[in-house]
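Asker: Got a structure here, written out as structure tokens. Questions coming.
The values are calculated or read from the model by the stated rules, or taken from the named source; none is laboratory data. None of the values given here were measured: they were computed from a predicted structure. No Cβ is skipped: glycine too gets one built from the backbone with ideal geometry, and neighbour counts run over all protein chains shown.
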Amino acid sequence: MKMLIVAATKPEIAPLMMHFNLPGGDFTGNKEFDILITGVGMTATAYALGKHLSKQYNLVLNLGIAGSFDRSIALGTIVNVYEDTFAELGAEDHEKFLSIEDLGFGKSTHSAFNNLLSESVAKLPKVKGITVNRVHGCEPSISAINTRLSPVAESMEGAAVLYCCGQQDIPCLQIRSISNYVEPRNRKAWKIDLALKNLNHWAIEFLTNT
Ligand SMILES: O=C(O)c1cccc(C(=O)CC[C@H]2O[C@@H](n3cnc4c(=O)[nH]cnc43)[C@H](O)[C@@H]2O)c1
């Protein structure tokens, strides 16, 4: 049995790949784990997982950076996103938003599930996430999503990974490093280097001891 590590972009896990001396390419790995680089967004993620996800994996580990709605979480903090919602999936009904639950078409929130007894996972803050096609970057939409879902983390892939794993009944975990706050767009304030350093440090430790 093997682990599948899923990341949207290569830079997000490049230090990990270097540490374990892995060859390049979007689907690579060693005896213990494979690595899948999906591309950014839910569609690219679902497509890549559709090609590569199988029962040979006993755990899928989604790694990446994320935005935080919660300013009490310091940039660079690693979080365990235990539940993730496709935030835009639904319909507008004038000023109201109807989720796919409201429309009767299924569910928009998906959970990570696993039976890992890992200290490096247990020590991480557990947070709720949302997954979006359009990164929030203006006050009215941030305020509306806060009122509707009170999310903590935001990514562009997380719920797609949890959904695919749920469909195949494969244990999964979404671990993200906070690179920025969700706020009116302010790219200069993003701490991507810090977030990547901490994420890869955590992941190398986890993979070495699991
Ligand atoms: O320049 C931008 O506006 C920009 C927007 C989103 C992501 C990026 C990236 O460089 C990394 C891609 C990766 O990052 C995740 N991410 C990071 N912060 C956020 C966020 O605040 N909201 C949603 N996604 C975020 C995302 O999962 C992407 O795959 C640059």
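Asker: Return the only residue of L22, L98, L49, L4 being within 16 Å of the ligand (Cβ to nearest atom) and either surrounded by fewer than 19 Cβ atoms within 10 Å (Cβ to Cβ) or at pLDDT 95 or above (or both).
Answerer: L49
Asker: Can you tell me which of (1) within 13 Å of the chain's Cα centre (by Cα); (2) on the phi > 0 side of the Ramachandran plot is the one H94 doesn't meet?
Answerer: Condition not satisfied by H94: (1).
Asker: Turning to a different aspect of this structure: Mind listing just one residue for me: the one in region 10-45 that is among the charged types (D, E, K, R) and in a helix (DSSP H, G or I) and, of those, farthest from I192 (Cα to Cα)?
Answerer: Going residue by residue through region 10-45, those that are among the charged types (D, E, K, R) are 10, 12, 26, 31-32, 34.
With in a helix (DSSP H, G or I) added as a condition, the list becomes 10, 12.
Numbers: K10: 14, E12: 9 Å.
Across region 10-45, the extreme among qualifying residues is K10.
Asker: Name the residue that is surrounded by the fewest Cβ atoms within 10 Å (Cβ to Cβ), counting only residues in region 164-197 that are within 13 Å of the chain's Cα centre (by Cα) and closer than 16 Å to L75 by Cα.
Answerer: I175
Asker: Any idea which residue in region 25-46 is farthest from R134 (Cα to Cα), counting only those that are within 14 Å of the ligand (Cβ to nearest atom) and surrounded by fewer than 20 Cβ atoms within 10 Å (Cβ to Cβ)?
Answerer: Residue satisfying both the conditions and the ranking: A46.
Asker: Of everything in region 104-147, what is β-branched (V, I, T) and surrounded by fewer than 12 Cβ atoms within 10 Å (Cβ to Cβ)? Give them in sequence order.
Answerer: Within region 104-147, just T147 meets the criteria.
Asker: Let me ask something else about it. Would you check if L162 is in contact with a His (Cβ under 8 Å, 6 or more places away or on another chain), closer than 19 Å to V6 by Cα and at pLDDT 95 or above? Even if it seems obvious, please write down each step before you answer.
Answerer: Values: in contact with a His (Cβ under 8 Å, 6 or more places away or on another chain): yes; closer than 19 Å to V6 by Cα: yes; at pLDDT 95 or above: yes.
Yes.
Asker: Could you list, in sequence order, all residues of region 142-177 that are more than 17 Å from A112 (Cα to Cα) and outside any loop (DSSP other than H, G, I, E, B)?
Answerer: Matches in region 142-177: I142, S143, A144, I145, N146, T147, R148, L149.
Asker: Output the residues belonging to region 132-144 that are near the ligand (Cβ under 10 Å from one of its atoms) and either closer than 17 Å to D70 by Cβ or in contact with a Lys or Arg (Cβ under 7 Å, 6 or more places away or on another chain) (or both).
Answerer: Matches in region 132-144: V132, V135, H136, G137.
Asker: When you look at G64, is it under 16 Å from W202 (Cβ atoms) and either at pLDDT below 95 or near the ligand (Cβ under 10 Å from one of its atoms) (or both), yes or no?
Answerer: Considered against the rule, which asks whether it is under 16 Å from W202 (Cβ atoms) and either at pLDDT below 95 or near the ligand (Cβ under 10 Å from one of its atoms) (or both), G64 comes out as yes.
Asker: Quick one: V161 ticks every box in (1) buried (at least 20 other Cβ atoms within 10 Å of the Cβ); (2) more than 21 Å from E12 (Cα to Cα); (3) under 14 Å from the mean Cα position of the chain (by Cα) bar one, so which box is it?
Answerer: For V161, the exception is condition (2).
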